[in-house]
1. For the structure I just gave you, tell me whether residue B:119 is more than 14 Å from chain A (Cβ to nearest Cβ) and within 22 Å of residue B:295 (Cα to Cα).
2. Is it fair to say residue B:222 is more than 18 Å from residue B:300 (Cα to Cα), buried (at least 21 other Cβ atoms within 10 Å of the Cβ), more than 9 Å from chain A (Cβ to nearest Cβ) and touching a strand residue (DSSP E or B) at 6+ places or on another chain (Cβ under 9 Å)?
3. Name, by its number, the condition in (1) out of contact with any helix residue (DSSP H, G or I) (no Cβ under 8 Å at 6 or more places or on another chain); (2) loosely packed, with under 15 Cβ neighbours inside 10 Å; (3) under 30 Å from residue B:277 (Cβ atoms) that does not hold for residue B:55.
4. Which one is surrounded by the fewest Cβ atoms within 10 Å (Cβ to Cβ), of the residues in region B:119-152 that are touching a strand residue (DSSP E or B) at 6+ places or on another chain (Cβ under 7 Å) and over 30 Å from residue B:220 (Cβ atoms)?
5. Select from region B:153-171 the residues that are surrounded by 15 or more Cβ atoms within 10 Å (Cβ to Cβ) and under 24 Å from residue B:91 (Cα atoms) and list them in ascending order.
6. Looking at residue B:272 and the list (1) at pLDDT 95 or above; (2) within 14 Å of chain A (Cβ to nearest Cβ); (3) buried (at least 21 other Cβ atoms within 10 Å of the Cβ), which single condition is not satisfied?
7. Residues that are more than 30 Å from residue B:313 (Cβ to Cβ) and out of contact with any helix residue (DSSP H, G or I) (no Cβ under 7 Å at 6 or more places or on another chain): which helices (runs of 4 or more DSSP H) entirely in region B:60-160 hold 1 or more of them?
8. Could you run through region A:51-91 and say how many residues are farther than 21 Å from residue B:300 by Cα, part of a loop (DSSP other than H, G, I, E, B) and touching a helix residue (DSSP H, G or I) at 6+ places or on another chain (Cβ under 8 Å)?
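The values are calculated or read from the model by the stated rules, or taken from the named source; none is laboratory data. Owing to the predicted nature of the structure, the values given are computational and were not obtained by experimental measurement. Using ideal geometry, Cβ is built from the backbone for each residue, glycine included, and neighbour counts are taken over all protein chains shown.
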């Protein structure tokens with residue numbers, strides 16, 4: 001049911017070019033800062049630079065990948081009563097996945 | 001909420017003994033009349049579990065299995081105090097995905113795998129193949145903006161280059177409910193006051209602005225830029241945490257925010273609401289150190305518009321909320 005991700009090598013290479021530049025730029029600007037602020041600044045700068053140049057790719061990388069978490073493609077009903085009505089009308093049993101956090105369609 | 005729901009749906013759930021506990025839930029097979037099929041499973045199930053339930057189902061008489069053989073009437077009055085809320089009228093729904101990331105060998109970013117990136121979970125992940133992989137996959141959530149809130153994002157007289165603060169109510173909610181760096185590992189509630197809805201000091205700093213990139217008679221293109229510092233300050237020289245308390249005290253997330261929003265002036269709706277938070281997480285909040293990664297590690301959150309048409313797209317923020325939870329979500333202290 002759960003599948004391992006596959007990353008297309010082309011996407012990784014495109015990000016790589018920007019990633020190197022972003023971290024390099026951050027280190028120069030942060031050099032004069034106190035240690036904690038320097039680290040935060042470094043973090044902000046690499047991420048900001050990456051998002052400026054490759055927003056679409058990063059958004060796509062974070063979102064579900066093809067073949068990942070395939071159970072989410074199931075047209076789940078979220079009302080047990082509605083599911084009962086459908087099961088009765090269609091002559092089918094129910095597969096119920098219940099959890100306190102809204103699993104499997106929400107934070108697990 | 002089924003375990004406390006005082007209406008016909010709650011009574012049916014408890015009487016039929018479906019699996020009701022646990023944040024990641026459990027699986028039950030059931031007939032429409034409430035009879036259990038096969039076995040119940042904590043967490044997910046396998047093909048064998050489904051086959052067994054279907055075998056049980058096939059043994060039922062046709063009077064139970066034929067379409068329309070069982071009649072299920074209306075649910076009746078809903079227990080409004082305990083029921084899961086529906087999106088308020090005019091609400092804008094954003095689909096949110098969070099994901100652990102990692103730098104790759106060329107300083108770019110990649111997705112993670114348990115065995116490669118999380119040393120603390122290698123043993124349980126090896127012992128129980130397939131049980132934990134979803135933690136390194138995209139973790140879904142939903143953010144709700146009331147009609148008044150999303151309309152507040154639309155400038156009345158937009159001119160190219162105009163810049164204005166991202167509204168505090170939306171931003172504070174985003175920080176305390178939807179940018180939780182621990183959410184991928186199943187910690188759905190507060191993280192013991194470090195980050196989350198109850199963490200009044202969990203937002204160390206936040207700043208974001210919307211800029212009008214293009215305003216015309218047909219619409220407004222906005223960009224969002226900003227940052228958030230959540231949780232505790234990172235101490236790069238600290239020794240690796242050895243206990244849950246130490247792991248918690250090390251938790252934090254520092255991220256940049258970028259977004260692109262498009263408002264259709266004719267239809268008076270947002271047609272695009274794409275936002276990404278990307279930055280470093282440190283520490284790991286939870287009952288164990290399974291997902292602890294030494295040092296600072298990239299974590300991202302992506303937001304996009306949801307149609308809200310499918311039932312699963314109308315689940316409340318963090319997956320489960322009553323009306324009182326929603327009232328708190330909308331009127332979160334610190335959002336002014």
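1. On the way: more than 14 Å from chain A (Cβ to nearest Cβ): yes; within 22 Å of residue B:295 (Cα to Cα): yes.
Criteria met by residue B:119.
2. Working: more than 18 Å from residue B:300 (Cα to Cα): yes; buried (at least 21 other Cβ atoms within 10 Å of the Cβ): yes; more than 9 Å from chain A (Cβ to nearest Cβ): yes; touching a strand residue (DSSP E or B) at 6+ places or on another chain (Cβ under 9 Å): yes.
So residue B:222 fits the description; yes.
3. Unmet for residue B:55, out of (1) out of contact with any helix residue (DSSP H, G or I) (no Cβ under 8 Å at 6 or more places or on another chain); (2) loosely packed, with under 15 Cβ neighbours inside 10 Å; (3) under 30 Å from residue B:277 (Cβ atoms): (3).
4. Taking region B:119-152 first, the residues touching a strand residue (DSSP E or B) at 6+ places or on another chain (Cβ under 7 Å) are B:136, B:138-145, B:150.
Those left that are additionally over 30 Å from residue B:220 (Cβ atoms): B:136, B:139.
On the way: B:136: 28, B:139: 24.
Step by step, filter region B:119-152, then rank; the result is B:139.
5. If we filter region B:153-171 for residues that are surrounded by 15 or more Cβ atoms within 10 Å (Cβ to Cβ), which is where we start, we get B:153-155, B:158, B:162, B:166-167, B:169-171.
Once the filter is applied, which keeps residues that are surrounded by 15 or more Cβ atoms within 10 Å (Cβ to Cβ) and under 24 Å from residue B:91 (Cα atoms), region B:153-171 yields B:153, B:154, B:155, B:158, B:166, B:167, B:169, B:170, B:171.
6. Of everything listed in (1) at pLDDT 95 or above; (2) within 14 Å of chain A (Cβ to nearest Cβ); (3) buried (at least 21 other Cβ atoms within 10 Å of the Cβ), residue B:272 misses just condition (3).
7. On the way: elements: B:62-65, B:114-117, B:122-127, B:147-151.
Filter on region B:60-160 gives B:62-65, B:114-117, B:122-127.
8. Within region A:51-91, residues that are farther than 21 Å from residue B:300 by Cα, part of a loop (DSSP other than H, G, I, E, B) and touching a helix residue (DSSP H, G or I) at 6+ places or on another chain (Cβ under 8 Å) number 6.
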